[in-house]
1. Among DSSP bridges having both ends in segment A:138-285, what percentage is antiparallel? Round to the nearest 5.
2. If r is the Cβ-Cβ distance from residue A:539 to residue B:82 and R0 is 56 Å, what FRET efficiency results, to the nearest 0.05?
3. Using a simple spin-label model with points 7 Å from Cα along the Cα→Cβ vector, what separation in nm is obtained for residue B:62 and residue A:458?
4. Counting each DSSP H run of 4 or more residues in chain B as -39500 (n - 2.57), what helix-only mean residue ellipticity at 222 nm follows after dividing by all residues, to the nearest 500 deg cm²/dmol?
5. For B:32-45, what's the mean count of beta carbons from other chains sitting within 10 Å of each residue's beta carbon?
6. Which ordering of A:239, B:157 is given by a fewest-first count of other beta-carbon atoms within 10 Å?
7. For the protein assembly as shown, which semi-axes, largest first and in whole Å, follow from the square roots of 5 times the eigenvalues of its Cα gyration tensor?
8. Distance from the Cα centre of segment A:525-546 to that of segment B:167-213, in angstrom?
């Protein structure tokens, strides 16, 4: 490992030692913005035509490139916007803040420039998927609720953790191994409605990037993926609004300038309203003794963001998220209230030291909490859990010359894990019957440095290292996480890529099921529970086919160490000694992902196919035999098409097919005769974990978007059908004993498959002004 | 937690009103017949044991799958006691056994009992256990609700301090002939060394006879009961990971354990 650190440091200092030459060099830097709203744009390609080199805007919309003095043509290109070219005479440092626009003839939601593949082919970054709100909004969705996270599930290597779920599984990793950040604050439970919708309101989201491998050094803390969600900043040009009325919820977003072109605000909220209907039904049937009350359920969330340019070199941002789910059932005998939700806050300061050096200082606050209050006769129970983080970090972006881009930074975070609060009381007693409150205070500190080095016009290297550490309950862990990536261009339109990453995960989700439930508890590493660790290698090829198509193929292999599961019969709920329920093992995941995307024209979309295997092996599970996790998928196909017929009509469709979930089936039964006063019972015996397969899953969703242009602005009606051919996909399978009609005695045992969603049409009205 | 899951499943089904269930054919994993043992050593009572075997999951048995003709030996304190094969009935417990002997289980909480069974086909299973001391019930009380007609029952006992203890609680109404109103196993992690109460809802009326019991059980029996319940609960629960039965019967399944309990009976009066 010492040798590795030495090589890495040598790599960094190379830019300082050899990056200079005698030719005078100057920098061009600035921001690239959406011309209509003034929003900063992430990932815009800035290409110097004469030098055949370039850069991209960072996550804050800033770019910087240092090149020899001369006359150049800069080409700015970005998905959905017109190319913009600018001729410059470079004889001093220049600041060029550019606003990109959309041409009148470009009616397709996803418009790309002729060079739209350039970044994908030339970048060392691989294993990354990016979704914009525009893409997510036209695709058909469950109940018409646009969900940008679910759209990611249509990319190769990414699958859902369950029917209709917003939980994702990336390259065989667990649903808890995804780092999900919203404006740099961690979101610990990114789900509403027991996982059926993500916490991200698409109206408030600007951009989502999913890293499946080749993780940049600034990210760490989870083994399998990073989902980086950025909120809109708000329109800096004019006051604007957007919203929608759907089957499940309504949304409203307002945005506008604080000071024109210097600052803006954005406020976005949504709320579901099924509870209004169920309450009315409950009230109308209150006198019916045979009527069972319907539980109340609703969720809401609110996103806010402010930003302001103090001057050309200093910008400040503040953003926040607050969301809650509320589930309740109350009658005379039994009361049950269940609330859960996230809160995040981010405050950022962007500072430009000089055209080559940019910094971002951030403070974030993250909080997730769930509370259950239940009352049954004279007994009351309260159960709760949560996690709260305070995090400060600073990141630097340094572009010393056009061959080198360097990032480095450090962060410090404090975590408060409230693993389990439980109190049981009886009305006749003053003191609680049982009481438990287990909490931990932990800190982590991380530092990283990474450099992208363009060796020549064919070869580009990216090397980095991340030092991570975690302290909890007197136990200190530290890890060195090397990151390496390379790109070699065979031709202008073909490049080979490879990457290696190591990731540590110091906190773990105690989840007893494949579904994401709000009662899942985050648990820190300690003396017993060591950090999880993964090493992933990936290699691939990216091919630009003409101006319209991008074809990529990637193979990957991931080793997962110190994986966590739970012993058989584990008691995970209200357990102050969760450590004792854990068992530890290892895993491997490997596969191949093919992806073909059509980016331009009236018909756009993509086809993805993943062939993969995922294994786990625990000495204490299934007799030590290796087994597949529930979400192992041998084949996974997704086809996504968007066809803009004309200015008013767009047809969309997506079809997915995947191998059925791995699951356990019983082989045998036995009779337990029991002790005095207890009747005999039948025991079900499962010989191995997840040794069988559910039937394959496939589903077609179709949508029709009708746009119209009222006086106030723009509106559309989106009609979609989820599961258009009404496939009965398996949600779960159970066994039922059927009795003889005459004798009433058990006659046979039948397997029953239960599906969750039939064909579900929905209509959503969206507007913009 | 199970209650929460039930509400969630009900909620999911309320989302759609369509018939989303159908019969399917599944190929079950191969059945490997294993010996099933149940033997509870109760102080002052003779050795009794039920030996049966597993059956294929999809077969409805027409007779009890008991196994006869096996050599069943319980060893204690240097003495091997071979149980005879036959029909043994405990008229109090209303249970039958197919192996037994006249040896009475002594009050010994120190020494280990071992079990060895070899059946006629050569299958061999072994197990060992100790008998735990009784944890007495401190009191059984009942409280009426506001109407003064419905009562809830509280069974109080004191957890043994400074050690991992496991308990099973049963509560019957009327007699032990019926299945209990309450039965569950738990450990003492939440209430180590404290006074502990098991309570009921306001489900009982004046004149009811309540039989409540606290069993002091060992870890193996606790884990066995928990995993049996988890395996049973996983049928039809999309959120449960099917549990494998944790058993202290080596090469088989079942339980070989001591059975110590304190039982109290109360009559609800005005």
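Bear in mind that the values in this text are calculations on the coordinates, not laboratory data. Predicted model only: the values in this text are computed from it and were never measured. Note: ideal-geometry Cβ built from the backbone for every residue, glycine included; neighbour counts use all protein chains shown.
1. Working: 29 of 34 bridges.
DSSP beta bridges in segment A:138-285 are roughly 85 percent antiparallel.
2. 0.25
3. Modelled inter-label distance: 7.9 nm.
4. Values: 2 runs with 29 residues, N = 270.
Calculated mean residue ellipticity at 222 nm is -3500 deg cm²/dmol.
5. That works out to 2 on average.
6. Numbers: A:239 13, B:157 22.
Final ranking by Cβ density, sparse to dense: A:239, B:157.
7. 59, 31, 28
8. Cα centroid to Cα centroid, the span is 51 Å.
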